[in-house]
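Notes follow once the structure below has been shown.
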Amino acid sequence: DQQVKQNSPSLSVQEGRISILNCDYTNSMFDYFLWYKKYPAEGPTFLISISSIKDKNEDGRFTVFLNKSAKHLSLHIVPSQPGDSAVYFCAAASIYNQGGKLIFGQGTELSVKP
Amino acid sequence: GAVVSQHPSRVICKSGTSVKIECRSLDFQATTMFWYRQFPKQSLMLMATSNEGSKATYEQGVEKDKFLINHASLTLSTLTVTSAHPEDSSFYICSASTVTVSYNEQFFGPGTRLTVL
């Protein structure tokens, strides 16, 4: 049972445009969400997170939106740069679930073309 | 930021042998370490959670006798894949956390690529 889903395995965007990566979840007990960026043969790098008490969190070019009623979150990257090309994972956690272990989505491979 | 290292970065072994992977937190003390595996084009799947000085908690479907985890100190956890088989070939990643309940403080290692021939 996939509790966190990223239905788009890949996304291609032109440099300078907006990249929108989507993530859906099924467990209403999740209260914290994170986005990670991963290059091949490397571990994930934390990007940005959001608590369930908020609906938006912004950090530079990265903004995460959370729609709790739809159990949906998205990561916006504006403007997109070629260096943003990587696999992006969303992850969810619950304070009530074993100390907040992370449940990851399948990842979306972003390609930003010059 | 906090740095987590893994050793080796890549290992190739024969079927039936055991392989040990080390995960170290270099500049902080990790009370909790997590072990994940990732198959190509798939998600990171949590295998087990280990707290320093206690037994690891394994996720459902993960064989504890096959994947031995030791968290002997606040800076080192090891994963030993015993009697490895080709289906164990995967990318193994560890992460370290400074407190047991602060999920936003997990720092990931660079991963270990295991290939079993």
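A few comments on the model shown:
- Conditions (1) touching a residue at least 40 places away in the same chain (Cβ under 8 Å); (2) within 11 Å of chain A (Cβ to nearest Cβ); (3) assigned to a loop (DSSP other than H, G, I, E, B); number of the one not met by residue B:29: (2)
- When residues of region A:96-114 are limited to those that are out of contact with any helix residue (DSSP H, G or I) (no Cβ under 8 Å at 6 or more places or on another chain), in a loop (DSSP other than H, G, I, E, B) and touching a residue at least 60 places away in the same chain (Cβ under 8 Å), the one farthest from residue B:57 (Cα to Cα): A:107
- For region A:1-32, a residue qualifies if it is under 26 Å from residue B:61 (Cα atoms) and either more than 10 Å from chain B (Cβ to nearest Cβ) or free of Cβ contacts under 8 Å to residues at least 24 places away in the same chain (or both), and the qualifying residues are A:1, A:3, A:7, A:23, A:24, A:25, A:26, A:27, A:28, A:29, A:30.
- Residues located in region A:34-43, provided they are within 12 Å of the chain's Cα centre (by Cα) and either among the hydroxyl-bearing types (Ser, Thr, Tyr) or facing chain B (nearest Cβ under 8 Å) (or both): A:34, A:36
- 2 or more residues in contact (Cβ under 8 Å) with a residue 12 or more places away in the chain and within 14 Å of residue A:20 (Cα to Cα): qualifying strands (runs of 3 or more DSSP E) within region A:38-88: A:62-67, A:72-77
- Region B:77-87 - residue that is surrounded by fewer than 16 Cβ atoms within 10 Å (Cβ to Cβ) and in contact (Cβ under 8 Å) with a residue 40 or more places away in the chain and, of those, farthest from residue B:58 (Cα to Cα): B:86
- Taken over region A:59-96, the criterion of being polar (S, T, N, Q), within 14 Å of chain B (Cβ to nearest Cβ) and surrounded by fewer than 16 Cβ atoms within 10 Å (Cβ to Cβ) is satisfied by no residue.
- Unmet requirement for residue A:12, which otherwise passes all of (1) loosely packed, with under 15 Cβ neighbours inside 10 Å; (2) outside any strand (DSSP E or B); (3) not aliphatic (A, V, I, L, M): (2)
- Test for residue B:90: is it modelled with pLDDT of 90 or more, buried (at least 17 other Cβ atoms within 10 Å of the Cβ) and touching a Leu at 6+ places or on another chain (Cβ under 7 Å): yes
- Hits in region A:68-85 - residues which are touching a strand residue (DSSP E or B) at 6+ places or on another chain (Cβ under 6 Å), more than 19 Å from residue A:33 (Cα to Cα) and of a type in the set (Gly, Ala, Ser): A:80, A:85
- Elements of type strands (runs of 3 or more DSSP E) in region B:37-117, at least 2 residues being of a type outside the set (S, T, N, Q) and within 14 Å of another protein chain (Cβ to nearest Cβ): B:44-51, B:90-97, B:112-116
The values are calculated or read from the model by the stated rules, or taken from the named source; none is laboratory data. Keep in mind that what you see is a predicted model, and the values were worked out from it rather than measured. So basically every Cβ, Gly included, is an ideal-geometry build from the backbone, and we count neighbours across all protein chains shown.
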